[in-house]
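Notes follow the structure.
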Amino acid sequence: GLGFNIVGGTDQQYISNDSSIYVSRIKKDGAAYLDGRLQEGDKILAVNGKALKDLRHKDAVELFRNAGCDVSLRIQRRLQPQNGPVGHRGDGESGGLPLAAVLVPGLALAAAAVWILLRYRQRM
């Protein structure tokens, strides 16, 4: 997966009168955590150009599951961490967040480094 959990949707509003999708948790050592740009509390506006507007929670989850390897997220950054629902700026939208553009090469480099290390240890 992409290494994060979401909350929200038309059927499971995270913030009263707001059916948006939010990042609820970044999984340690997951793809989003390793990339470092996505934050807990971020509102996800679109996945691969498809707006996450007026979706049930399970439909949003399906969009993420079927997003493929090259994933671009358009997000709205939270204003600041708080207890309870998260505050957002109206003008705080970021541009596209091409997660896989950084994640896939980074994970490939990490896998290569582990492979080289294992090969080096076998020779000793």
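The values are calculated or read from the model by the stated rules, or taken from the named source; none is laboratory data. These numbers were taken from a predicted model, which means no experiment stands behind them. Please note: Cβ atoms are built from the backbone with ideal geometry, for glycine as well, and neighbour counts cover all protein chains shown. Side chains are part of the model used for accessible areas, which takes the heavy atoms of the whole protein and leaves out ligands, DNA and RNA. Shrake-Rupley method; radii C 1.70, N 1.55, O 1.52, S 1.80 Å.
Remarks
- Single residue of the stretch 14-33 satisfying the filter (among the small types (Gly, Ala, Ser) and open to solvent by less than 20 Å² (accessible area, probe 1.4 Å)) that is nearest to the chain's Cα centre (by Cα): 32
- Candidates 36, 49: the one that is modelled with pLDDT of 90 or more, open to solvent by less than 70 Å² (accessible area, probe 1.4 Å) and small (Gly, Ala, Ser) is 36.
- Any hit, the stretch 59-82, residues being among the acidic types (Asp, Glu), in contact (Cβ under 8 Å) with a residue 24 or more places away in the chain and either touching a Cys at 6+ places or on another chain (Cβ under 8 Å) or open to solvent by 100 Å² or more (accessible area, probe 1.4 Å) (or both): yes
- Count - residues of the stretch 1-53 that are touching a Gly at 6+ places or on another chain (Cβ under 6 Å) and in a strand (DSSP E or B): 2
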